[in-house]
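**Q** Below is the structure I would like to discuss, written out as structure tokens.
The values are calculated or read from the model by the stated rules, or taken from the named source; none is laboratory data. Being a predicted model, the structure only gives us computed values, none of them experimental. Cβ placement follows ideal geometry from the backbone for every residue including glycine, while neighbour counts extend to all protein chains displayed. Surface accessibility is based on the protein's heavy atoms, side chains included, excluding ligands, DNA and RNA. Shrake-Rupley method; radii C 1.70, N 1.55, O 1.52, S 1.80 Å.
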Amino acid sequence: MIRDNLEEIRKNIAEACGRVGRNPVEVVLLAVSKTKPLDMIKEAVDAGQRSFGENYVQEIVEKYEVLGDSVDWHMIGHLQRNKVKYIIDKVSLIHSVDSLRLAEQIEKEAEKKGITARILLEVNVADEESKWGFAIGETIEVVRTISKFPHVHICGLMTSAPITDDSESNREYFRALRGLFDEIAALSIPGVEMSVLSMGMTGDYVVAVEEGSTMVRVGTAVFGARDYSA
Ligand SMILES: *Cc1c(COP(=O)(O)O)cnc(C)c1O
């Protein structure tokens, strides 16, 4: 089942790329495995899936204990500063850097561990009250500030577009983030790389790919609906 789901998603990504003249190898599929058990992750691995997104620190720590670096872990959920130390050397990318203070904490913990943390800045592109992330208008200044942190490497931008039944309605947000991404890339800020544009979830990844996403974060369409009651 998971194998079929992954195949279907990869096909949809390839078709979306075809429509806009992109090469599908430019798009990484991140399987969002939050709340899902290890055996489902293993099933996805057996079907060729390499990269997994998780939202909760405790869950990453527990899953990492078993699977370690045999899969590629990404932190995509809101991260509290006092928990940075538990995951910083376990994940290959933190997508959800949503404040300068969090970036400062990541710098501190990365220095302690002698590593460089790879991060994305989360942008609240639809300016939603309920969402974390920087406003579009402040992002460039924040990039300039964090670019000077020696143990933090900015690799790109991330957003979660509004939840909607009509994925077309998020096209303008994806386009806006792509515009900001290109604008920052053109500034050639030393130490800043704009290579990852993380946008698109189960409901809207096809539109996100059409608008230039390089990493889609898909949970429900891979693993089925989540049950938070357990
Ligand atoms: C849960 C989650 C996803 C995946 O959502 P689906 O709709 O199940 O694909 C993607 N990104 C973030 C930040 C999430 O929290």
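**Q** Could you tell me the relative contact order of the chain? Use alpha-carbon pairs under 8 Å, at least six residues apart, and round to a whole percent.
**A** Taking the mean separation of contacting Cα pairs over the length of the chain, I get 21 percent.
**Q** Considering the dipole of the chain built from charges on the beta carbon (Lys and Arg +1, Asp and Glu -1) around the Cα centre, which of Leu157, Pro190, Leu29 is farthest to its positive end?
**A** With unit charges placed on the Cβ atoms, the residue in question is Pro190.
**Q** With every protein chain kept in place and ligands, DNA and RNA left out, what is the accessible area per residue of the chain? Probe 1.4 Å, answer in Å².
**A** For the chain, the per-residue accessible area is 47 Å².
**Q** With only alpha-carbon atoms counted, please give the Rg and Dmax of region 21-66, in Å.
**A** In Å, with Rg to one decimal and Dmax whole: 12.4, 41.
**Q** Let me ask you something else. If packing is taken as the mean number of other Cβ atoms within 10 Å per residue, what is the order of 51-63, 149-161, 127-139, highest first?
**A** Result, highest mean Cβ count within 10 Å first: 149-161, 51-63, 127-139.
**Q** Give me the percent of accessible area attributable to carbon and sulfur for the chain, probe 1.4 angstrom.
**A** Exposed carbon and sulfur together represent 49 percent of the surface.
**Q** Work from the charge dipole of the chain (Cβ charges, +1 for Lys and Arg, -1 for Asp and Glu, about the Cα centre) and give the residue of Ile87, Gly200, Trp73 farthest towards its positive end.
**A** Ile87
**Q** Which of Ala103, Gly219, Gly114 sits farthest toward the positive end of the charge dipole of the chain, with +1 on the Cβ of Lys and Arg and -1 on the Cβ of Asp and Glu?
**A** Ranked along the dipole, the leading option is Gly114.
**Q** Report the full-extension gain for the segment Asn12 to Asp89: residue separation times 0.36 nm, less the Cα-Cα distance, to one decimal in nm.
**A** In short, 24.4 nm is gained.
**Q** Using the crude model of +1 on Lys and Arg Cβ and -1 on Asp and Glu Cβ, and no other charge, please compute the dipole size for the chain relative to its Cα centre, in debye to 20.
**A** 620
**Q** Between rounded, prolate and oblate, where does the chain land on the alpha carbon gyration tensor, with a ≥ b ≥ c its root eigenvalues, rounded for a/c under 1.5, else prolate if a/b exceeds b/c?
**A** Because a/c hits 1.5 or more and a/b fails to exceed b/c, the chain counts as oblate.
**Q** From the square roots a ≥ b ≥ c of the eigenvalues of the alpha-carbon gyration tensor of region 119-230, which class results: rounded (a/c under 1.5), prolate (a/b over b/c), or oblate?
**A** prolate
**Q** Another question, if that's okay. Given Cβ point charges of +1 (Lys, Arg) and -1 (Asp, Glu) and nothing else, what value in debye, to the nearest 20, does the dipole of region 1-115 about its Cα centre take?
**A** 260
**Q** Which order do the peptides 21-30, 96-105 come out in when sorted by mean C-beta neighbours inside 10 angstrom, highest first?
**A** Result, highest mean first: 96-105, 21-30.
**Q** Between the DSSP loop rule and a limit of at most 13 other Cβ atoms within 10 Å, which chymotrypsin sites (Phe, Trp or Tyr not before Pro) in region 173-230 are left?
**A** Tyr228
**Q** Could you give the nm distance between label points at Asp182 and Lys112, where each point is 7 Å from its Cα heading toward the beta carbon?
**A** Those two pseudo-labels are separated by 4.2 nm.
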